[in-house]
């Protein structure tokens, strides 16, 4: 992630960077296993020296065997208990930042709803974090499924007719695409937890006689970032109620590393309306 010259209104860049770095590292370990399988073990028998693990199979069958092996390798390397622990820790930290910012903003508008820890201790907040871990794992798993599909396609499209080194290079090159995608997936879920679970859960604790008017603070407001998409710019022009904000989720396919955030723009009692 190149963040030079970009401010981070959600203060979640470190969480995104550390979690995505760990996931990319695990994908890198899978790449290393691919090199070992193709180059050192010569599982496809590409050097023509004799028997190999998948000798006698058609290219399509070899591709399927490789895909099954790759699936097992990904499962044992990426989707471990450590994945869950790290994802939970970083998503919880994002929620903590969101709740802290929300409580501060409310106090600035004369509304004190107590400590942010009280919001974080709510059952619905803990459940949301757990669901966030599951959702992130599902998206990373989708990326890895696409990676396996690409690798299988490379093999069936003549990949066994080139050198072993070239085959490995082609497969690992596709893996780089999904490393980048994984970083975007992490960023989306971290910021979603900051906004939805951290901030909006805090706003929901405001006494019933107070209405909060919300607005979106997209990146271009704070950093002049030209990567902010038209979709988020349009969201920034809308007026929101708390209920509308809670029901709305920014789609994953917005601009890369979206850090648009909810911000309290006004707090009024119902008597003032």
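The values are calculated or read from the model by the stated rules, or taken from the named source; none is laboratory data. None of the values given here were measured: they were computed from a predicted structure. All Cβ positions, even for glycine, are placed from backbone atoms using ideal geometry, and neighbour counts span all protein chains on display.
Contact map, the stretch 95-108: residues that are buried (at least 24 other Cβ atoms within 10 Å of the Cβ) paired with residues that are not in a helix (DSSP H, G or I), Cβ distance under 7 Å, separation 6+ or inter-chain. Pairs shown: 103/113. Scan the stretch 160-188 for residues that are over 29 Å from residue 138 (Cα atoms) and part of a helix (DSSP H, G or I) and the total you get is 5. Restricting 135, 184 to residues that are surrounded by 14 or more Cβ atoms within 10 Å (Cβ to Cβ), within 21 Å of the chain's Cα centre (by Cα) and at pLDDT below 95 narrows the list to 184.
Can you tell which of 79, 51 is surrounded by fewer than 18 Cβ atoms within 10 Å (Cβ to Cβ), outside any helix (DSSP H, G or I) and touching a helix residue (DSSP H, G or I) at 6+ places or on another chain (Cβ under 7 Å)?
From the options 79, 51, the qualifying one is 79.
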